[in-house]
Amino acid sequence: MEIEILYRPAYSLGIVKLAPNEQIRAEAGAMVSMSAGVTIETKAAGGLLKSLGRAVLGGESFFQNFFTAPAQGGEITFAPELPGDLLVLTLNNQKVLIQSGSYVASEQGIELTAKLSTKAFLATEGFSMLEASGSGKILLSSYGAIHEKILNPGETYIVDSTHLVAFDANMPVQPRTVGGLKSTFLSGEGFVVEIRGPGRLLMQTRSQQAFLGWLIPKLRSKD
């Protein structure tokens, strides 16, 4: 499987080249186009309970689409819901935690599970994240551009949790305030998380929560 990303970072499009009879799994509604002969099967991947967990806890769709290339191979294009970036993450018998809504597609060999954990709760202002494990390629999306940070062993980094896209599942996460009590409530930053290396951290340059905080008052003012 080959994945090329065009038009980064604002309106990214992922072009997936499938080998003969190769299959890719994707979120419902992520497909933009596909070549003739590619077949699609929609199902609750992993069974009822796993699909329900991904939908309720992981913020993903209950039903997912499985695209299979014909004997001559095929092409599928994907795009995120919001204006933003795409990134290909390659796992080699690894685990990563992905924020709700950032998963787009993955090849066979990647297992997806809604991860209900303290680390997920601390990292996302919620109580779960999507855990991807195994070996293969994953297509992730963001709101805004994706910024990557590689942390050395013992190195720590502070991130506003609304800007997290994904990080290695073995990286410790610790909640903290951005400063003193005054800064916490008046700076507009609120609570952040401290992530410690070694590992890979992916962040998005825009926050959906911040955008909604700007938009909703303007919509109400027009009533």
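Taken together, the values in this text are just the output of simple stated rules run on the coordinates, not laboratory data. The shown structure was predicted, so the numbers you read here are calculated from the model rather than taken from an experiment. Ideal geometry is used to build each Cβ from the backbone, glycine not excepted, and the neighbour counts take in all protein chains shown.
For an R0 of 25 angstrom, estimate the FRET efficiency from the Cβ-Cβ distance between residue 66 and residue 92 and round to the nearest 0.05. Walk me through the numbers on the way to the answer.
Values: r = 23 Å, r/R0 = 0.92.
The computed FRET efficiency comes out at 0.65.
Taking H placed 1.01 Å from N in the peptide plane, check which residues at least 5 places from residue 100 or on another chain put their amide H under 5 Å from its amide H.
Residues meeting the amide H criterion: 130.
For residue 200 and residue 111, FRET efficiency with R0 = 25 Å and r from the beta-carbon atoms, rounded to 0.05? The partial results should precede the final answer.
Working: r = 19 Å, r/R0 = 0.75.
E(calc), rounded to 0.05, equals 0.85.
As an exercise, use a Förster radius of 35 Å and the Cβ-Cβ distance of residue 216 and residue 147 to find the FRET efficiency, rounded to the nearest 0.05. Present the calculation step by step, with values, prior to reporting the outcome.
Values: r = 26 Å, r/R0 = 0.75.
Once the sixth-power term is evaluated, E becomes 0.85.
So how far apart, in nm, are the two label points at residue 32 and residue 11 if each is 7 Å from Cα heading toward Cβ?
Distance between the two pseudo-spin positions: 0.9 nm.
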